[in-house]
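Enquirer: What follows is a structure written as structure tokens; I'll ask about it next.
What follows is calculated from the coordinates using simple rules that are stated; it is not laboratory data. No experiment lies behind these values; they were computed from the predicted model shown. Counting neighbours? That spans all protein chains shown, and the Cβs are built from the backbone with ideal geometry, glycine included.
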Amino acid sequence: MTADEELAERLGRSIVLVGLMGSGKSCVGRRLAARLKVAFIDSDAEFEAAAGCTISDYFARFGEPSFRDGERKVIARLMEGAPKVLATGGGAFVDPETRARIKDEAISVWIRADLDLLVKRTSGRDHRPLLKTGDPREILGRLMDARYPLYAEADITVDTTDEPPEVTVAKIIDQLAILSEPKA
């Protein structure tokens, strides 16, 4: 058993990645799960599979409140079962019920990124409904102002920069190791 697998076993809980769109939750999450030898699940992909359409299409048809309700239910279902790495949509941790569930049942990791990096990573992509309503930089700035205080409630905060995802994974592993140490 590797040190990373031992860490996952010691933690004994799912790891839920939170943060704004473009922070790297899915990319980092896949790599983190591989290192810990646990399953990786992307809540956005699971929502789309359950809804039978893209999140953008769902937003257009039913609106954000309906999406958030469905997202809450999908995440509750995904939290069940064996420990895993779960990447959530950017707004999931903002929902009080979802945030409480994650706090009670998992270890939350906020992948924090600055505005320039988020703009760079989300530009040229049209699958993010919240960015279709105006200037992406302005929208992301508003989302940062509204959501960063809530993301700050996560168990662990890891800053990401324009570096290979493995660097962010290593930062998360280091913080998880500290978290798993017995309290004196």
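Enquirer: Suppose each label sits 7 Å from its Cα in the direction of the beta carbon; what would the SER56-ARG137 distance come out to in nanometres?
Expert: 2.3
Enquirer: Hey, what number do you get for the chain at 222 nm if only DSSP H runs of n ≥ 4 count, each worth -39500 (n - 2.57), divided across all residues, to the nearest 500?
Expert: Numbers: 9 runs with 103 residues, N = 184.
Per the formula, -17000 deg cm²/dmol.
Enquirer: Using DSSP to call loops (not H, G, I, E or B), can you name the GluC sites (Glu not before Pro) in the stretch 37-145 whose Cβ has at most 16 other Cβ atoms within 10 angstrom?
Expert: GLU80
Enquirer: Also, I was wondering about something else. What number, in percent, do you get for the relative contact order of the chain if the mean sequence gap of Cα pairs under 8 Å and at least 6 apart is divided by its residue count?
Expert: Once normalised by length, the contact order is 32 percent.
Enquirer: Treat every Asp and Glu Cβ in the stretch 1-109 as -1 and every Lys and Arg Cβ as +1, leave all other atoms uncharged, and give the resulting dipole magnitude about the Cα centre to the nearest 20 debye. Working shown, then result.
Expert: Numbers: 16 positive and 17 negative charges, 38 e Å.
The calculated dipole for the stretch 1-109 is roughly 180 debye.
Enquirer: Let me ask you something else. Using the Cα centre of the chain as the reference point, and only Cβ charges (+1 on K/R, -1 on D/E), how large is the resulting charge dipole? Debye, rounded to the nearest 20.
Expert: For this selection, approximately 180 debye.
Enquirer: Turning to a different aspect of this structure: Please compute the Kirkwood hydrodynamic radius of the stretch 11-92 from all pairs of different C-alpha atoms, in Å with one decimal.
Expert: Here the Kirkwood hydrodynamic radius works out to 13.0 Å.
Enquirer: Quick one: which of 84-90, 28-34 comes out on top by average Cβ neighbours within 10 Å, and what's the full order, highest first?
Expert: For the peptides 84-90, 28-34, the packing ranking is 84-90, 28-34.
Enquirer: Also: Using the alpha-carbon atoms, what tilt in degrees (0 to 90, nearest 10) does helix 165-180 show relative to the longest principal axis of the chain?
Expert: Tilt relative to the chain: about 50 degrees.
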